[in-house]
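Computed from the coordinates by the stated procedures, all read-outs in this text should not be read as laboratory data. What you are looking at is a predicted structure, and each value in this text was computed from that prediction instead of being measured. Here Cβ is always computed from backbone atoms with ideal geometry, including for glycine, and neighbour counts include all displayed protein chains.
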Amino acid sequence: MAIERTFSILKPDATRRNLTGAINAKFESQGLRIVAQKRIHMTTAQAEAFYGAHSARGFFRDLVTFMTSGPVVVQVLEGEGAILKNREIMGATNPANADAGTIRKEFAESIEANSVHGSDSPEAAAAEIAYFFAGTELVG
Ligand code: ADP
Ligand code: MG
């Protein structure tokens, strides 16, 4: 499998509870390298555009409100098969369904406040990285 890059967000529930280090340790101990990272407070427009694919879903407004409720950490993770590997490290969207040892099983508060975002395809990873980072900010 090839070295890939994927886009990750440590969500407001994670920053609020001071969990950024604990979550980053999960990535690093399982072979993902943080090649870019910054703490931002998303605007409503940014969150709406980022989650545009979900705009017709019933939870969309709540999701935008949650994602703008506090600071987040946006990241680029790099490693062998990083896109799928990160989804495995994260666990299922609903923490009730997440496997033991995953970030969402250990840390998520709810299906909405589930601590992390991770790209779900190579196309999404490329678009999401470009949305938040300039190429010069990625340092492998
Ligand atoms: P994932 O983050 O696992 O890729 P989705 O892309 O389906 O999940 O959903 C994006 C985000 O929307 C989720 O991470 C979660 O924060 C929120 N979400 C998804 N489903 C629900 C739901 N049924 N109720 C509330 N929030 C939800
Ligand atoms: Mg998704």
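In the stretch 82-97, is there at least one residue being polar (S, T, N, Q), touching a helix residue (DSSP H, G or I) at 6+ places or on another chain (Cβ under 7 Å) and within 15 Å of ligand 1 (Cβ to nearest atom)?
Our first condition is that a residue be polar (S, T, N, Q); within the stretch 82-97, this holds for 86, 93-94, 97.
Imposing the further condition that a residue be touching a helix residue (DSSP H, G or I) at 6+ places or on another chain (Cβ under 7 Å) reduces the set to none.
No, that holds for no residue.
Just give me the residues in the stretch 77-95 being more than 14 Å from ligand 2 (Cβ to nearest atom) and under 22 Å from Thr65 (Cβ atoms), in sequence order. If the condition is that a residue be more than 14 Å from ligand 2 (Cβ to nearest atom) and under 22 Å from Thr65 (Cβ atoms), then Pro95 is the only one that fits. When each of Ala53, Ala47, Ala2, Ala22 is tested for being of a type in the set (Gly, Ala, Ser) and over 19 Å from Asn114 (Cα atoms), the lone residue that passes is Ala2.
Note on the stretch 95-136: residues that are touching a Ser or Thr at 6+ places or on another chain (Cβ under 7 Å) and of a type in the set (Phe, Trp, Tyr) total 1.
Working carefully through the options Glu48, Glu78, find the one that is more than 14 Å from the chain's Cα centre (by Cα) and crowded, with 17+ Cβ neighbours inside 10 Å.
Values: Glu78 fails: more than 14 Å from the chain's Cα centre (by Cα).
The unique qualifying residue is Glu48.
Among residues of the stretch 79-93 that are without any contact (Cβ under 8 Å) to a residue 40 or more places away in the chain and hydrophobic (A, V, I, L, M, F, W, C), those with a Cβ under 7 angstrom from a residue that is surrounded by 19 or more Cβ atoms within 10 Å (Cβ to Cβ) and assigned to a loop (DSSP other than H, G, I, E, B), sequence gap 6+ or separate chain, pair up as Met90/Thr102; Ala92/Ala98.
Within the stretch 105-131, which residues are more than 8 Å from ligand 1 (Cβ to nearest atom), surrounded by 16 or more Cβ atoms within 10 Å (Cβ to Cβ), under 26 Å from Gly58 (Cβ atoms) and within 14 Å of the chain's Cα centre (by Cα)?
First, the residues of the stretch 105-131 that are more than 8 Å from ligand 1 (Cβ to nearest atom): 105-109, 115, 119, 121-131.
Checking which are surrounded by 16 or more Cβ atoms within 10 Å (Cβ to Cβ) leaves us with 105-108, 115, 119, 125, 128-129.
Narrowing further to those that are under 26 Å from Gly58 (Cβ atoms): 105, 107-108, 115, 119, 128.
Scanning the stretch 105-131 gives Phe107, Ala108, Ser115, Ser119, Glu128.
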